[in-house]
Each structure stands twice: as structure tokens, then as C-alpha cells.
Amino acid sequence: MTPPHLPTIADVRAAAEHCSYNAKLCRFACPVATATGKESVTPWGINRAIAAAAQAGAVNGATAAAVYGCTGCRACGGVCLPGLDLPTHVRAARAEVVAAGLAPPGVDAAAGRARTPAEELVAGATRGAGTVVYPGCRSADGAAVAALLAAVDEPYDVVREPTCCGARSIDVGLAERGLGEAAQLAGHLAGADRVVVADPHCARLLRTDHADDRVVALPVFLADLLDRLGPCLRPTATGRRVAWHDPCWLGRGMAAYQEPRALLVATGAEVVEPAHTREHARCTGGGMGYAEVDPPAAGAILAARAADLRCALDGAATVVTACPTAADRLRRAGLDAHDLSGWLAGLLPAGRL
């Protein structure tokens with residue numbers, strides 16, 4: 001895995017100009033535009049600011065205000081006829097905003113942090129195994145992943161050193177830092193046959209942006225093990241109503257919609273779909289550093305998604321997702337929210353977790 005050259009603002013100029021001449025038909029899909037009411041942070045407004053900066057050869061305060069008004073949720077991409085990739089445009093512009101010293105407060109706090117894996121995950125690992133588990137810097141369910149893989153006798157190795165994939169640093173404009181983090185991780189993964197990534201944000205960057213076809217998101221990997229894992233879980237959750245929250249980076253980012261639902265069905269749970277689901281799922285407002293840059297608007301986005309899920313559950317509050325950031329934010333909103341691996345591991349026979 002070799003981290004790629006990151007697109008510059010000049011590289012994305014033509015695509016940004018293409019968007020800025022369109023009719024803003026994606027505006028309804030943008031959670032930031034809905035929460036703030038600002039045209040400058042619609043996908044059209046962001047791309048217009050990027051195109052203007054590219055034409056001028058320099059970013060300014062207006063560029064910064066626009067490009068940091070994005071959660072990277074890709075909801076606009078799902079309704080974009082030309083199929084433009086706004087997060088790629090935003091990352092390119094943010095790197096130049098940071099270089100110009102114009103980044104808003106909160107950027108460093110939103111960057112990635114190197115973490116060591118959970119002790120349980122390391123204890124269950126087999127050195128040299130072809131499958132390497134990489135939790136990511138936000139996942140807190142290492143013990144749960146270890147228990148699930150132990151339940152089906154699936155050997156795995158793990159990256160033992162403190163690492164970060166670089167995704168969140170690149171997201172917020174700290175491009176060189178992110179590339180350095182990615183290069184360090186690439187060295188640790190050099191001998192792997194397959195890389196199982198718990199955080200879909202990290203998985204999307206490694207598999208798509210870094211073109212590493214060894215990478216598989218954890219829910220997809222577990223679904224592939226369902227013949228062995230299913231009997232360990234069934235029917236411990238029979239009759240429980242569970243709402244599934246599609247993570248932006250797993251769903252719209254990697255089109256993994258069916259696999260996590262198959263895992264929930266295998267437990268006997270009744271999977272409840274909110275009004276906005278699959279490719280139309282609402283964002284929780286935590287992506288690409290937005291919650292640190294504009295907490296009030298991010299809170300409004302979260303409140304809308306929490307209300308969506310409560311309505312679907314008709315008063316109950318059990319939500320399962322596969323994004324550690326989304327799970328944490330939904331818990332802050334008062335929901336009984338679980339990361340998928342933790343919820344599944346909690347259904348294993350007593351003593352397995």
C-alpha cells in the first residue's frame with residue numbers, strides 16, 4: 001500500500017467549476033445547508049468558493065468558511081448527476097487553507113491520533129496470520145472484535161504499534177501529517193494478505209483513496225463469516241427491535257448496505273428502518289472535523305438524525321451502527337446506541353466477551 005499524491009486545488013478546479021454552473025439540485029440533501037440555512041455551504045457554494053480560489057491562485061477567508069462547512073457525508077453525491085466527489089474537493093482546498101494559516105479553531109483537535117489496539121485484541125492475535133485487523137484511531141470495540149473472531153476460530157494478526165491511517169488529518173487539511181501517518185501504517189501492513197478495518201472512515205480511505213484491494217470493512221468481513229458466526233448468535237436477540245444507522249463512509253462511501261443488516265437479522269432481531277435510510281441516511285454531523293469546527297450546527301444535524309431514529313423505533317431507543325463516531329454522538333443525543341461489533345459480541349454466550 002503506497003499512499004497516493006493528494007489532489008491539489010488546481011487538480012479539482014475543473015470539477016468544482018462544473019458544479020458551480022449546475023442548478024443546486026443537491027441542496028436538499030446537504031445536512032449543513034439545512035442546519036445553517038447558508039447558501040455558501042451548499043455543495044454548490046463550496047465548489048464555487050474552491051473554483052474562485054483556484055482561478056485567483058490563492059485561498060482567503062471566504063474559502064476557509066466555505067470548505068470547513070462540510071461533514072463529508074456524500075449525501076450530495078448520491079443525487080449529483082455528474083457524480084462529483086465533494087469531499088475530495090474539500091480536502092484539496094483545506095490543505096491550502098491550512099498552509100495559508102486560515103484554518104478555523106478546532107482543526108487540530110479533529111485530526112487523527114495514533115492509538116494502540118485493545119489488550120484483548122492483541123492477546124488473541126496470531127503473529128504472521130494473513131488477516132490483519134486494524135481498529136482505526138476511534139474504534140473502542142477491540143475486545144468485542146477479538147471475541148467475535150475467537151467465537152468462529154478465525155486467526156488474525158494485529159498492528160501492535162500506535163498508528164493512525166491519516167484519514168482524519170487529511171480530512172481537516174493537515175495533508176503532510178496525514179500522508180506521514182498513512183506511510184507509517186503502510187509499512188506495518190506490508191506483509192498482510194487481507195486487512196480488516198473496524199472504522200469505516202479508515203476503511204474507505206485505505207481501500208478507495210489508496211487503492212488497496214486487500215482492505216475490507218469489518219461488517220463485510222463478519223458477514224462473510226456468517227455461516228460460522230450465525231449459530232453463535234442466533235436467536236439471542238429474537239423480538240428485539242433495532243434501528244440500523246447507515247454510516248456515511250460505509251454506506252455511501254463503500255456501498256455496504258446489506259452486510260450489516262444480514263448480521264442483525266442473524267441474531268433474530270427485527271431490523272427497523274428509519275425514514276431516511278441506506279443511500280439517503282442522514283448524517284450525525286461528526287465527519288471531517290465538522291463537530292469541532294461548528295459545534296452548534298453539528299448538534300442540530302445530530303438532533304435531526306436522533307429524531308429520525310426515535311420516530312422509527314416508536315419510543316424505543318436501541319440503535320446499532322458501524323461507525324464509532326456516529327455511535328458516540330447518538331449516545332450523546334440520549335439514544336441507546338451501539339457499535340455493531342460490540343452489540344454482536346454482547347450476544348455471544350456468557351464468558352466469550
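The values are calculated or read from the model by the stated rules, or taken from the named source; none is laboratory data. Quick caveat, the model's predicted, so the values are computed rather than measured. Note that each Cβ is placed from the backbone with ideal geometry, even for glycine, and that neighbours are counted across all protein chains shown.
Some notes on this structure:
- Highlighted here are the helices (runs of 4 or more DSSP H) found entirely within segment 38-154 that include at least 1 residues which are at pLDDT 95 or above: 43-56, 61-67, 86-99, 119-123, 142-151.
- Any hit, segment 115-127, residues being of a type in the set (S, T, N, Q), within 20 Å of the chain's Cα centre (by Cα), over 20 Å from T71 (Cβ atoms) and surrounded by fewer than 21 Cβ atoms within 10 Å (Cβ to Cβ): yes
- Any chance A300 is in contact (Cβ under 8 Å) with a residue 24 or more places away in the chain and in contact with a Gly (Cβ under 7 Å, 6 or more places away or on another chain): no
- Every test in (1) closer than 30 Å to P274 by Cβ; (2) modelled with pLDDT under 95 is passed by G187 save one, and that test is (1).
- Yes/no for A140 being more than 22 Å from the chain's Cα centre (by Cα), in the same structural domain as V196 (by TED's automatic domain parsing) and touching a residue at least 24 places away in the same chain (Cβ under 8 Å): no
- Which numbered condition A100 fails, given (1) in the same structural domain as V59 (by TED's automatic domain parsing); (2) closer than 13 Å to V197 by Cβ; (3) hydrophobic (A, V, I, L, M, F, W, C): (2)
- Against the test of being at pLDDT 95 or above and out of contact with any helix residue (DSSP H, G or I) (no Cβ under 7 Å at 6 or more places or on another chain), the options V216, V196, V220 yield a single qualifying residue, V216.
- Search result, residues across segment 180-222 that are hydrophobic (A, V, I, L, M, F, W, C) and assigned to a loop (DSSP other than H, G, I, E, B): L189, A190, A192, A198, A211
- Residue within segment 180-202 that is touching a residue at least 12 places away in the same chain (Cβ under 8 Å) and at positive phi present: no
- Any hit, segment 272-284, residues being surrounded by 22 or more Cβ atoms within 10 Å (Cβ to Cβ), assigned to a helix (DSSP H, G or I), within 16 Å of the chain's Cα centre (by Cα) and not assigned by TED's automatic domain parsing to the domain that holds G77: no
- Taken over segment 29-48, residues that are in contact (Cβ under 8 Å) with a residue 40 or more places away in the chain and either assigned by TED's automatic domain parsing to the domain that holds T284 or farther than 18 Å from V293 by Cα (or both) amount to 2.
- Cβ-Cβ distances below 8 Å connect the following pairs, each with a first residue in segment 102-127 that is more than 21 Å from Q184 (Cβ to Cβ), a second residue that is in a strand (DSSP E or B) and charged (D, E, K, R), and a separation of six or more residues or different chains: T126/D157.
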